[in-house]
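Report on one structure; see the data block that follows.
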Amino acid sequence: MDPRDAYQLGTVPLAVAVAGLFVIVMARSHATYWAGRGVVRGAQVVHEHEGAPEWWHATIRRLEAWTDTRSAQRGLDLVRRWGAIGVTLAYLTVGVQTAVFAAAGLIRMPYPRFFLASLPGAVAWAVVWATIGFGALWAAFALFTTSPWALAGALVVVGILVAWLLRRRARRRADQGAAAEVQAEV
């Protein structure tokens, strides 16, 4: 039995799946944007009024600590460099989306600009997930129901491939950095 049949997911029209995913990703990205804006406003309020409750101070400290993480810094750098285009392209990335959306709020990107940049990115994200993303998810689930060991093996192969690609990328960056240092010395 196909697992999609158990929940009648195989009968959902593609347009409905895309629309549902679009609403979900817009809600998530805009909530993250407004959380970033809230950090800025909260920091201003705490700075202006030291009499704020301790839970408020603690929340602002945690959020400010998050902004110092590598992921948040990457998001800030991307938004500062690319602006609205960075927001649009963030929907097609893995691991940096939340940081970019929060960074847009942190740097106080005007909301109309963020909203307009979100539209094509959210549509692309919804289409990808409604087609390829869910297809891969259902294939993994079907493989698991057939043979959990086969799924484990496939995940190990994918993990090794990702690790190899990341190591190769890191080596390239190190080589480029070393070459830049040599040129700077000359």
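What the table below lists for this structure:
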read-out	value
Residue among W149, W82, W164 with the largest mean-square fluctuation in a Gaussian network model of the chain, springs linking Cα atoms under 10 Å	W164
Among L119, L161, L21, residue whose mean-square fluctuation peaks in a GNM of the chain (springs only between Cα atoms under 10 Å)	L161
For the stretch 126-180: rounded, prolate or oblate by the Cα gyration tensor [a/c cutoff 1.5]	oblate
Estimated FRET transfer efficiency (R28, W66; beta-carbon r; R0 22 Å; 0.05)	0.85
Efficiency of FRET from Cβ geometry, I132 and V157, R₀ 22 Å, rounded to 0.05	0.75
Positive-end residue of A178, F115, I60, charge dipole of the chain with Cβ unit charges	A178
Cα-centre dipole for the stretch 79-186 with unit charges at Cβ (Lys and Arg positive, Asp and Glu negative), debye to 20	180 debye
Ellipticity estimate at 222 nm from DSSP helix runs (n ≥ 4, -39,500 (n - 2.57)) divided over the chain, nearest 500	-27500 deg cm²/dmol
Span-like helix ranges in the chain, DSSP H, alpha carbon extent 27 angstrom or more, Kyte mean at least -0.5	14-48, 148-185
Debye, to nearest 20: dipole size of the chain, +1 on Lys, Arg Cβ, -1 on Asp, Glu Cβ	340 debye
Global form of the stretch 43-178, assessed from the alpha-carbon gyration tensor, a/c cut-off 1.5	prolate
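Taken together, the values in this text are just the output of simple stated rules run on the coordinates, not laboratory data. Fair warning: this is a prediction, and the values are worked out from it, not measured in the lab. Neighbour counts are summed over all protein chains in view; Cβ atoms, including those assigned to glycine, are modelled from backbone coordinates with ideal geometry.
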